[in-house]
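Report on the following structure.
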Amino acid sequence: MSTCDIHLIFPPQWSPFQPFLSTPSLKAYLQAKGFEVRQSDWNVEFYEHFIDKRRLPQAIARLERYVRELPDAQENYRNQAYLALGILADFPRKRALVDRLRSPACVENIEDFHSSVTAFKRLLHSLSVAEPVIEMGTSSLTTGRVMASMSSIDAFCADADDNPFLTFFRRKVAEIAETEIPRYFGISIIGGEQILPSLTLGACLKTRFPGVPIIVGGSVFSRMVERTDAILHLFDRYFDVVLRYEGERPLEQFLASSNPRAAKTSNIVFAEDGKIVMTPLGNQLPMEAIPTPDFDGLNLGKYFTPEVVLPVLSTRGCYWDKCAFCYHGMIYGDRYRMRAPELFNSDIVALNAKYGVRHFALNDEAIPPKLFEKLPAVIEKRKYYFTGLYKFEKYFEPEHYRGMYDIGFRSLYIGLESANERIQRHMKKNNTKPVMISNLRDAHAAGIWNHTFNFFGFPTETKEEAMDTAQFLIEHRDIIHSEGTGTFSFEHNAPISKNAAAFGVSRVIEKSDNVLELYYDYEVTSGLTQQDAADMVQQFAGMKRLNRAYQYSGWIPREHLLVMLSHHHRDSLRRELEILDSDLHAGAHWAENVNWFSMNESGGTQRHFVVNAQAGKILETNRDAVLLLEFLPQDTPAAAIVAQFPVFEPILSA
């Protein structure tokens, strides 16, 4: 008989490049309280499953059927199938490149690293094209119209042909031995992309272990439970209990109780007599009561990274906690707590000693100014590498950034959002342009890589105000090393949702394509519409191309940037990335993008194709042309090949 109290499972889809923090934090706390805890990362294992060579025959058969049978009205998807077939024809080499991501030597050569990351993304994309419903990326999951109704969700979760998660989970659940059956299963859902896979997992667990209750935790369902009509259907069918917000103390109370529903232990939600029952929220733990995360049970060698980056927290909650667009503070009960710098240092020392890890990502909402002063005084210099998020502040001086660099901070991520000061005040962020420039300049001078998050379309923002942000990013590309720019998202639970009219929102609109959606469409009283904001993103993309700004690092996963910066000086890395980008656009690496394949027709004839995955080009040709490409030296410039063999111009021309 198993002595395990709870088996915590982290499901797809999340980053395959580093571990998560949710279950290691729970495991550490619960085991200190005497409970037996097992944890599994079925997210990274699913990525292995998804790109496994054993899935190739089914994928290729589907893709060949698509190119033969899809009508002209679906020409775009048919072309995607051609491109996918070309990529999969090169599967053994690309899979070897993906596996190379786990080698520390991979990051030493930027071209090699780029080839491996690109191969991973292309295998995911091509195998996704073969899927009837889902599209899997390294940081995304799209699910078509499945989420439009509960009936379509139920059908998908039971359909092994359409749902690739189902086959995987059935196998993983079958591997749980009778001696390993826990008292409870726990599923950690921290992103919306995990909802559908988690429901599939819940259904599999209930089929195999009908007597073992399933607890769902994490930020997604902590927020979703307020939408009782939406989630009532899910209880008992996919899970039994939702644990809201921070889980350590509530889960301790739950596991300690012989009947937690009757006892109404804190922070739980369950269905009873056709209604949703929510118990009162308990008090959060002080930071000194939270132990160092425990990553035991997770195979750190499985992550697709040259060196593992472990997530840590120096705070819970946000010291600012005013931004109108951000819901993160409510996950922590809108209570901000900072870990003593000495305790945080002991976390780092312990994790380094136990796992041999040197790289750490602070998952704080924003590293507070106080820690910019105190961490350099307690953390050993030149031993570790860090990255994290912070907020612009007038208090920062050059020495703060120099101190952070000395203890290993090589990149900092910051929510610029908008460079227009009226919009800053309107969204309650309250940054000023001089402070932004000063902070960015000082961090740059210290040797730190600056990455800004930006968006267009906060309600009432005009086109001119949006252009302030675009121009700011272009003008300061010397001290901003990378950026991520999108459109404003109207989120459930964000402060703006509590009083939308005060921010210039005239109408909040439920999305019709997702019954479990936490984002809304909206209309504004003035300023950019949602479509205007999307158009502004495209205009800014054009400005970046025109000024050759930020063209070189978009392919780098955030989790990998810190590893790269620990092996390469920031400025030399930037130069190497710019050279690589220039070479890619000049066609110097055509062999990475061009693949070829043959396809048998029903009459016994063969058709031959050459595809360019980067350019999205397809050329139907003959066997001789394919043979020629097989023997051409891969370092031959694309222009030289076209000059000698004009037949390849449609596929190799820029």
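The values are calculated or read from the model by the stated rules, or taken from the named source; none is laboratory data. Fair warning: this is a prediction, and the values are worked out from it, not measured in the lab. Cβ atoms come from the backbone with ideal geometry, glycine included; neighbour counts cover every protein chain shown. When the accessible area is computed, the model is the full protein with side chains, heavy atoms only, and any ligands, DNA or RNA have been set aside. Shrake-Rupley method; radii C 1.70, N 1.55, O 1.52, S 1.80 Å.
Within 9 Å, Cβ to Cβ, of Glu601, how many net charges do the neighbouring residues add up to if Lys/Arg are +1 and Asp/Glu are -1?
+2
In deg cm²/dmol, rounded to 500, what helix-only [θ] at 222 nm does the chain give when every DSSP H run of at least 4 residues adds -39500 (n - 2.57) and the total is split over its residues?
-12500 deg cm²/dmol
Pop a pseudo-label 7 angstrom from the Cα along the beta-carbon direction at both Trp555 and Ala61 and give the gap in nm to one decimal.
Modelled inter-label distance: 3.4 nm.
I need the calculated FRET efficiency for the pair Asn622 and Ala230, taking r as the beta carbon distance and R₀ as 45 Å, to the nearest 0.05. It would help to have the intermediate numbers written out before the result.
Working: r = 56 Å, r/R0 = 1.24.
Efficiency, from the Cβ-Cβ distance: 0.20.
Measuring from a point 7 Å past the Cα of Leu546 along Cα-to-C-beta, which residues in the range 438-468 have an amide N at less than 14 Å?
467-468
Could you please state how large a percent of the accessible area of the chain is carbon and sulfur, counting protein chains only and using a 1.4 Å probe?
Numbers: 12990 of 26370 Å².
Percent of accessible area from carbon and sulfur atoms in the chain: 49.
For the chain, what's the relative contact order in percent, using C-alpha pairs closer than 8 Å and at least 6 residues apart?
13
Take each of the peptides 591-604, 77-90, 164-177, average the number of other beta-carbon atoms within 10 Å over its residues, and list them starting from the highest.
Working: 591-604: 15.5, 77-90: 21.2, 164-177: 17.8.
Highest-to-lowest ranking by the protection proxy: 77-90, 164-177, 591-604.
Which aspartates and glutamates have a Cα lying under 19 Å from the Cα of Lys394, excluding residues fewer than 8 positions away in the same chain?
Lys394 reaches Asp321, Glu365, Glu373, Glu417, Glu421, Asp442.
What figure, in Å² to the nearest 10, do you get for the accessible area of Lys275 with a 1.4 Å probe and non-protein molecules left out?
Near enough 140 Å² of accessible area.
Please compute the modelled spin-label separation between Thr432 and Lys370, points set 7 Å along Cα→Cβ, answer in nm with one decimal.
Placing both labels 7 Å along Cα→Cβ, they lie 2.5 nm apart.
May I ask you to evaluate 6.51 cos²θ - 1.76 cosθ + 1.60, the Karplus curve with θ = phi - 60°, for each residue of the range 384-397 and list the ³J(HN,Hα) values in order in whole Hz, giving x for glycine and proline?
Once θ is set to phi - 60°, the couplings for the range 384-397 become 10, 10, 10, 9, x, 10, 8, 10, 4, 8, 6, 6, 6, 10 Hz.
Using amide H atoms built 1.01 Å from N in the peptide plane, name the residues 5+ places from Arg339, or on other chains, whose amide H lies under 5 Å from its own.
Close amide H contacts, sequence-distant or interchain: Thr315, Arg316.
Please give the per residue accessible area of the chain, computed with a probe of 1.4 Å over protein heavy atoms only, in Å².
40
So who's got an amide H within less than 5 Å of the one on Gly447, skipping anything under 5 residues away but keeping other chains? H placed 1.01 Å off N, in plane.
Placed amide hydrogens put nothing under 5 Å from Gly447.
Between rounded, prolate and oblate, where does the range 153-251 land on the alpha carbon gyration tensor, with a ≥ b ≥ c its root eigenvalues, rounded for a/c under 1.5, else prolate if a/b exceeds b/c?
Oblate is the answer for the range 153-251, as a/c is 1.5 or above yet b/c matches or exceeds a/b.
Using a Förster distance of 56 Å, how high is the FRET efficiency between Phe631 and Lys264, based on the Cβ-Cβ distance and rounded to 0.05?
0.15
Only one of the listed values, (i) 110, 59, 27; (ii) 39, 33, 26; (iii) 84, 30, 25, was derived from the coordinates as semi-axes √(5λ) of the Cα gyration tensor in Å; which label is it?
Answer label, from the structure shown: (ii).
Give the list, by residue number, of cysteines in the chain with no other Cys Cβ closer than 4.7 Å, or say none.
Cys4, Cys106, Cys157, Cys204, Cys318
Once fully extended, how much extra length lies between Ile474 and Lys275, figured as 0.36 nm per residue of separation less the alpha-carbon to alpha-carbon distance?
Fully extending the segment from Ile474 to Lys275 adds 66.3 nm.
Using a Förster distance of 22 Å, how high is the FRET efficiency between Asp513 and Asp159, based on the Cβ-Cβ distance and rounded to 0.05?
The computed FRET efficiency comes out at 0.70.
Grab the eigenvalues of the alpha-carbon gyration tensor for the range 589-654, scale each by 5, take roots, and send me the semi-axes largest first in whole angstrom.
22, 12, 10
Distance cut-off 32 Å, Cα to Cα: go down the list Lys172/Lys383; Lys374/Lys429; Lys463/Lys498; Lys206/Lys511 and report the pairs above it.
Working: Lys172/Lys383 38 Å; Lys374/Lys429 25 Å; Lys463/Lys498 26 Å; Lys206/Lys511 30 Å.
Table pairs above 32 Å Cα-Cα are Lys172/Lys383.
Say each of Thr525 and Leu343 gets a label point 7 Å from the Cα, pointing the same way as Cα to Cβ; how far apart are those two points in nm?
Using points 7 Å along Cα→Cβ, the separation is 4.5 nm.
Kindly report, to the nearest 10 Å², the accessible surface of Phe453 as traced by a 1.4 Å probe over protein heavy atoms only.
60
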